[in-house]
Amino acid sequence: MKHNIIKMLTALIAFTLPLSLTSCLSEHPKDQIYEEDAFDSANSLYANAVASLYNYIGSNQEGEGLQGTCRGVYDYNTLTTDEAIVPIRGGNWYDGGLWQNMYNHAWTSSDTDLYNVWKYLYKVIVLSTGSLETLDKYSALLTPDQRQAYAAEVRAIRAMFYFYAMDMFGRIPIVESTSQTTASLKQSERADVFSYVVKELQDVAPLLPTGYSNRQGTCYGRMTQAVAWFLLAKLALNAEVYTDNDWTDSSRRSGSTIMFDVDGRQLNAWETCVAYCDKIKSAGYELSSDYTSNFSVHNETSVENIFTIPMDKTLYSNEFHYLFRSRHYAHGGAYGGASENGPCATIYAVNAYGYGTAGEDTRFAANYYAGKVEVDGKPVLLDNGEQLEYMPLAVEKNLTASKYIQTAGARMKKYEVDRTAYADGRMPDNDIVLFRYADVLLMRAEATIRNGGDGTADMNAVRSRAGMPPRPATLDNILTERLLELAWEGWRRQDLVRFSRYCCAYDLRTPVEKEETGFTTVFPIPEKCIELNGNLKQNPGY
């Protein structure tokens, strides 16, 4: 029996349409509009087939959103690394072993949360593919320029979601038509997905808007040329990883031999990364004079942020859970809300900042709450009357027997507290920062070094902005600098994989069995997906 791709993915990725209920309802429920009414003009076509896709970049649902919520893309790229941990705090934060398994790399193909991440990523991929088909179906409503521009935006969104899916799951299906049969949905090798994403972004980048996506206006929150260039720089920087179809054989191609066509020039991976970083610089992005301003309540004026998730508690339903999730209960209460007293920095991360030493990095105080806590100049008090004091070096994987069970760990501070936020602080007005220019400089520095050049100027520009002295731009120093500068921004797993450090022992973590093969650098294909589609094969090691 022939099934189209939408029906198949309804089961495969839980693409939640109430198909099972429609037989006992009228053919056209009154709370829905007819398709021809949704697509009756160029404006409505853009709103319903293009702009609607941006609703899925952020979220208020667990497992969804590129950042902001929990148990999703962000957590699997942050809480599985040497940057952050969710310790067990007595009866809190066990959750069936979820957070311990993340930190220990002990996840399995049956994990519901990984399955939800897969569903989320493919939901947006399928919706984007459907939007392209809708643009074709109603192309008579559009001028040729509109048709080209609208499609470019949708393709860019879809390519970004393929980027995250490929990065996390390695070998994945490429869905380009909602009329594909189940049998035709094949699993592509990682290198093939990589090539596909690069080509998509290169093809559409010149057709995207040239404005600033992070600033309020016609381009606010949208895919722009700079957003596409940032993704292309990331793809090139990680090309050795993404072109490796067997990540368990301890062998990768050298980036110096992986070639790209960039504006008619043949460049290797490192040169390609630099070229796209240069394009971003030429577009007018620069470092903000104040590091913390990029994460302020009203950060839409940042000259550094490139791509953000727009946040406005009165306009959007997106949520930002990380401050709420990390701070102690009394700390959240001092702001008039609540908190969950969970995630904190690892001891490794705290020591990387030189915490407690004369040379402590200034960004530690910008990124973390540590020591005694005050709000509005008043001490935050615990139930016993003592002042709340976070203990950054008292972290253990299981704090149940520790006297610091509630206070161990430096907590997330990076975003300015919005005192007018809704939902206990989970709905602030700070836009969530996804891509920013400091990362561009660090990417360019690393790519330059890997290509035999000197990345000192770029790395130390980032350090200088923070008021820190220069350092030699070695690869080890670059990796450390990325931890210091980009804490809580969701890049650490990708960085450790690229530097071949992800499977090593670090901080409180020891490798799982056979992790020396590198199999945990890619997550398992969820077993529910394999059960529903026999074309999907499990990643090695699982």
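A simple spin-label model places the labels of Glu176 and Ser52 2.5 nm from each other, with each point 7 Å out along Cα-to-Cβ. On full extension, the segment bounded by Arg265 and Ala457 gains 66.6 nm, given 0.36 nm per residue less the C-alpha separation.
Leaving ligands, DNA and RNA out of it, report the carbon-plus-sulfur percent of the accessible area of the stretch 153-311 at a 1.4 Å probe. Using a 1.4 Å probe with all protein chains present, the stretch 153-311 comes out at 47 percent carbon and sulfur.
Potential lengthening of the chain between Asp145 and Tyr94 amounts to 13.0 nm, from the contour at 0.36 nm per residue minus the alpha-carbon distance. Per the Kirkwood treatment, what hydrodynamic radius in Å, one decimal, follows for the stretch 129-271 from the mean inverse distance over all distinct Cα pairs? Kirkwood radius, the stretch 129-271: 16.5 Å.
The simple Förster model, with R0 at 41 Å and r as the Cβ-Cβ distance, assigns Ala466 and Ala42 a FRET efficiency of 0.30.
For Leu434, the residues whose modelled amide H falls within less than 5 Å of its own, excluding neighbours fewer than 5 places apart on the same chain, are Phe307, Thr308, Ile309.
On the stretch 387-463, 48 percent of the accessible area sits on carbon and sulfur atoms, based on a 1.4 Å probe. Element breakdown for the stretch 58-125 at a 1.4 angstrom probe: carbon and sulfur atoms account for 37% of the accessible area.
Which of the peptides 371-379, 417-425, 518-526 is most tightly packed, and how do the rest follow, going by the mean number of other Cβ atoms within 10 Å of each residue?
Numbers: 371-379: 12.6, 417-425: 17.2, 518-526: 23.0.
Ranking the peptides 371-379, 417-425, 518-526 by packing returns 518-526, 417-425, 371-379.
Rounded to a whole number of µm²/s, how large is the Stokes-Einstein D of the stretch 438-542 at 10 °C and 1.306 mPa s, given Rh as the Kirkwood radius over C-alpha pairs?
Result for D is 99 µm²/s.
Can you figure out the FRET efficiency of Lys378 with Asp476, using R₀ = 45 Å and their beta-carbon distance, to the nearest 0.05? Computed FRET efficiency for Lys378 and Asp476: 0.60. Probing with 1.4 Å while keeping every protein chain in the model, the per residue accessible area of the stretch 423-542 equals 34 Å².
Each residue, Thr108 and Lys397, gets one label point 7 Å from its Cα in the Cβ direction; the gap between the two is 1.7 nm.
Please give the net charge around Lys528, taking every other residue with its beta carbon less than 11 angstrom from that of Lys528, where Lys and Arg add +1 and Asp and Glu add -1. Can you show the working numbers first?
Working: positive: Lys119; negative: Asp111, Glu527, Glu531.
Result for the local shell: -2.
In angstrom, the C-alpha Rg and Dmax of the stretch 366-431 are 13.7, 39.
Ordering of 219-230, 390-401, 112-123 by packing is 219-230, 112-123, 390-401, highest average first (other Cβ atoms within 10 Å, averaged per residue). Counting only alpha carbon atoms, the long axis of helix 437-450 and the longest principal axis of the chain meet at about 90°. Short-range pairs are left out: with C-alpha atoms under 8 Å and at least six residues apart, the relative contact order of the stretch 264-332 is 19 percent. For helix 456-465, report the angle its Cα long axis makes with the longest principal axis of the Cα atoms of the chain; keep it between 0 and 90° and round to the nearest 10°. Taking the Cα atoms of the chain, the angle to 456-465 is about 70 degrees.
When each of the peptides 72-78, 138-144 is scored by how many other beta carbons lie within 10 Å of its residues on average, the order from highest to lowest is 72-78, 138-144.
For the chain, what relative contact order do you get, as a whole percent, if you take Cα pairs closer than 8 Å and at least 6 residues apart?
Rounded, it is 19 percent for the chain.
Pairs spanning more than 18 Å between alpha-carbon atoms, out of Lys234/Lys537; Lys186/Lys537; Lys372/Lys397; Lys123/Lys199: Lys234/Lys537; Lys372/Lys397; Lys123/Lys199.
Roughly how tilted is helix 190-204, in degrees to the nearest 10 and between 0 and 90, from the longest Cα axis of the chain? In the chain, helix 190-204 runs at an angle near 70 degrees to the longest axis.
Can you tell me the accessible area per residue over the stretch 83-134, all protein chains present, probe 1.4 angstrom, in square angstrom? That works out to 26 Å² for each residue. Counting every pair of alpha carbons in the chain, the share spaced more than 38 Å apart comes to 27 percent. Using C-alpha pairs below 8 Å separated by at least 6 residues, the relative contact order for the stretch 415-458 is 23 percent. Excluding ligands, DNA and RNA, the accessible surface per residue across the stretch 249-339 is 41 Å² with a 1.4 Å probe.
For the stretch 339-397 versus the stretch 169-204, the spacing of their alpha-carbon centroids is 44 Å. Taking Lys137 as the anchor, which aspartates and glutamates have their alpha carbon closer than 13 Å to its alpha carbon, excluding any fewer than eight residues away along the same chain? Those aspartates and glutamates meeting the cut-off are Glu35, Glu36, Asp40. Computed on the Cα atoms alone, the convex hull of the stretch 326-464 gives a volume of 148 cubic angstrom per residue.
Counting only protein chain heavy atoms and rolling a 1.4 Å probe, the accessible areas of Glu271, Glu36 rank, largest first, as Glu36, Glu271.
The values are calculated or read from the model by the stated rules, or taken from the named source; none is laboratory data. Keep in mind the model is a prediction, meaning the values are calculated, not measured. Here the Cβ is made from the backbone with ideal geometry for all residues, glycine too, and neighbour counts use every protein chain on show. All accessible areas refer to the heavy atoms of the entire protein, side chains included, with ligands and DNA or RNA removed. Shrake-Rupley method; radii C 1.70, N 1.55, O 1.52, S 1.80 Å.
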